[in-house]
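These notes concern the structure reproduced below.
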Amino acid sequence: MDKPVIVAVDDQEVICTLIKGILEDKYDVHTFTSGETAMKYLSDHSVDLILLDYEMPNMTGYEVLMAVRSNKRTCDTPVIFITAVTNVRMETEMIERGATDYIRKPIDDTSLHRSIEKHLKK
């Protein structure tokens, strides 16, 4: 059976490496350090879930979320924000605008797995 495909987007390479290390046993993980490169990948590939940093240069996580939600191919793909931002108002706004979930850094392995399993399509 094929592993579910997850795209992780974070401008810090070390976070991408960490996420891949946590998840690669159970998932096919593709990491990107910019929203632009992730969107190029998503235009040609189907994925089961997106992990997304909020604060990134050039194309923010919010802009990636809006692009994902406005694309017929990706509009229903679960998007989980992973970020160091601890602003409750921003968290609420992201959920209202289409984010599926929100995990704060530093990343906790158990919380990450639990959120992904909860939101992957059955």
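The values are calculated or read from the model by the stated rules, or taken from the named source; none is laboratory data. All of these numbers come straight from a predicted model, not from anything done at the bench. Reconstructed Cβ throughout: ideal geometry from the backbone, glycine too, with neighbour counts over all protein chains shown.
Does region 54-73 contain any residue that is surrounded by fewer than 19 Cβ atoms within 10 Å (Cβ to Cβ), modelled with pLDDT under 95 and under 19 Å from Ile107 (Cα atoms)? Within region 54-73, one or more residues are surrounded by fewer than 19 Cβ atoms within 10 Å (Cβ to Cβ), modelled with pLDDT under 95 and under 19 Å from Ile107 (Cα atoms).
Pairs linking a residue in region 22-34 that is at negative phi to a residue that is among the small types (Gly, Ala, Ser), with Cβ atoms under 7 Å and 6 or more positions apart or on different chains, are Val29/Ala8; Thr31/Ala8; Phe32/Ala38.
Those residues that are farther than 16 Å from Val29 by Cα, modelled with pLDDT of 90 or more, part of a strand (DSSP E or B) and of a type in the set (Val, Ile, Thr), I need them from region 74-122; list them, please. Ile103, the sole residue that qualifies. In the set (1) in a loop (DSSP other than H, G, I, E, B); (2) exposed (fewer than 13 other Cβ atoms within 10 Å of the Cβ), the condition left unmet by Lys40 is number (1). Of all residues in region 77-122, those that are among the charged types (D, E, K, R) and either more than 17 Å from Asp48 (Cβ to Cβ) or in contact (Cβ under 8 Å) with a residue 40 or more places away in the chain (or both) total 10.
Hey, could you check region 4-21 for residues that are touching a residue at least 40 places away in the same chain (Cβ under 8 Å) and either small (Gly, Ala, Ser) or assigned to a strand (DSSP E or B) (or both) and say which is surrounded by the most Cβ atoms within 10 Å (Cβ to Cβ)? Steps first, answer last, please.
So the first thing to find is which residues in region 4-21 are touching a residue at least 40 places away in the same chain (Cβ under 8 Å), and the list is 4-12, 15, 18-19.
This time we only want the ones that are either small (Gly, Ala, Ser) or assigned to a strand (DSSP E or B) (or both), so: 5-9.
Working: Val5: 15, Ile6: 24, Val7: 25, Ala8: 26, Val9: 29.
Per the criteria, the residue is Val9.
Residues of region 74-99 that are within 17 Å of Pro4 (Cα to Cα) and either among the hydrophobic types (A, V, I, L, M, F, W, C) or surrounded by 14 or more Cβ atoms within 10 Å (Cβ to Cβ) (or both): Thr74, Thr77, Pro78, Val79, Ile80.
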